[in-house]
Amino acid sequence: MTIAIMQPYIFPYIGYFQLIHAVDKFILYDDVNFINKGWINRNNILVSGQPHLFTIPLKDASQNKLIHEVELSNSEPWQKKLLKTIRQSYQKAPYFEKVFILIEEIVNLKVQTIYELATSAIQQTCAFLEIQTVIEPSSTIYKNTHLKGQNRILDICKQENADHYINPIGGMALYDRHIFETEGIKLDFINSKSSPYPQFKNAFVPWLSIIDLMMFNSPEDIMKHLKAYELI
């Protein structure tokens, strides 16, 4: 079995979905500390040809809280503002109608935490893209929060009887391939390739939210993008 483990992000970029697509089971790492100014509650979309950072407001967010403990803020009508921005920016995109229905449904979900919102966004986007990978949270299964870093990842792999673990390329300095191999687990890192596509008549802006990719690409072309990576 091949697995990957990542924190839940809101509408993440194509590389995140390439990682999901590359494995049999994807573990949402929801019982680790929240990261301020990370990608858990924000991402970039295209506005007037430039990257535009949108942020989902949170209530008392802190790096002293676990991700699944951080609540959404109800003090401002962020849903209407975000949907308005997306509509104005993408309404002339070729796949706007179908994609906007999906985004609107996710954004308007009646949930309490950023974990619930991000997880729903990931799961529903995977269904839209016909990615059939099993997705499960770490908090309800492994009971190993006493372990840290590489040791905890290895323990999850063992509990899953995984023989292959794939990590984003940014983890090359964090994980030791030899240690994984001694446990009978192959360790690879996924290296996403930037594949340009038309974004109206603008110069191509890479690595935006999956929202952007879906707005401009057919399901067939999205599948090509999902496969545009190498394992190293």
- Message: Looking at the structure I just gave you, is ASN167 touching a Phe, Trp or Tyr at 6+ places or on another chain (Cβ under 7 Å), at pLDDT 95 or above and not in a helix (DSSP H, G or I)?
- Response: yes
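Scan region 25-33 and tell me whether some residue there is open to solvent by 70 Å² or more (accessible area, probe 1.4 Å) and modelled with pLDDT under 95.
no
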- Does any residue in region 125-154 that is farther than 28 Å from LEU213 by Cβ come within less than 7 Å, Cβ to Cβ, of a residue that is basic (Lys, Arg) and surrounded by 12 or more Cβ atoms within 10 Å (Cβ to Cβ) six or more places away or on a different chain, and which pairs are these? ASN144/ARG152
- Message: For region 123-137: of the residues being β-branched (Val, Ile, Thr) and in contact with a strand residue (DSSP E or B) (Cβ under 7 Å, 6 or more places away or on another chain), which is surrounded by the fewest Cβ atoms within 10 Å (Cβ to Cβ)?
- Response: VAL134
- Message: If a residue must be of a type in the set (Gly, Ala, Ser) and either on the phi > 0 side of the Ramachandran plot or crowded, with 19+ Cβ neighbours inside 10 Å (or both), how many such residues does region 37-60 contain?
- Response: 2
- Is it the case that some residue within region 137-144 is in a strand (DSSP E or B) and within 15 Å of the chain's Cα centre (by Cα)? yes
- Those residues of region 155-173 which are open to solvent by 80 Å² or more (accessible area, probe 1.4 Å), at negative phi and touching a residue at least 24 places away in the same chain (Cβ under 8 Å), in sequence order: LYS158, ASP163
- If you go through region 11-34 one residue at a time, how many are in contact with a strand residue (DSSP E or B) (Cβ under 6 Å, 6 or more places away or on another chain) and part of a loop (DSSP other than H, G, I, E, B)? 6
- Task: Select from region 187-232 the residues that are open to solvent by 20 Å² or more (accessible area, probe 1.4 Å) and either acidic (Asp, Glu) or in a strand (DSSP E or B) (or both) and list them in ascending order.
- Result: ASN191, SER192, GLU220, ASP221, TYR229, GLU230, LEU231
- Message: Need the failing condition index for THR140 against (1) closer than 23 Å to ILE3 by Cβ; (2) loosely packed, with under 13 Cβ neighbours inside 10 Å; (3) modelled with pLDDT of 95 or more; (4) not small (Gly, Ala, Ser), just the number.
- Response: (3)
- Got a number for residues in region 35-90 being in a loop (DSSP other than H, G, I, E, B), over 23 Å from ILE14 (Cα atoms) and in contact (Cβ under 8 Å) with a residue 24 or more places away in the chain? 6
- Task: Give region 101-116 a look and list any residue that's open to solvent by 10 Å² or more (accessible area, probe 1.4 Å), touching a residue at least 12 places away in the same chain (Cβ under 8 Å) and farther than 18 Å from HIS68 by Cα, or say none.
- Result: LEU102, GLU104, GLU105, ASN108
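The values are calculated or read from the model by the stated rules, or taken from the named source; none is laboratory data. Not measured: the values here are computed from a predicted model. No Cβ is skipped: glycine too gets one built from the backbone with ideal geometry, and neighbour counts run over all protein chains shown. To get the accessible areas, we keep the full protein, side chains included, count just its heavy atoms, and leave off ligands, DNA and RNA. Shrake-Rupley method; radii C 1.70, N 1.55, O 1.52, S 1.80 Å.
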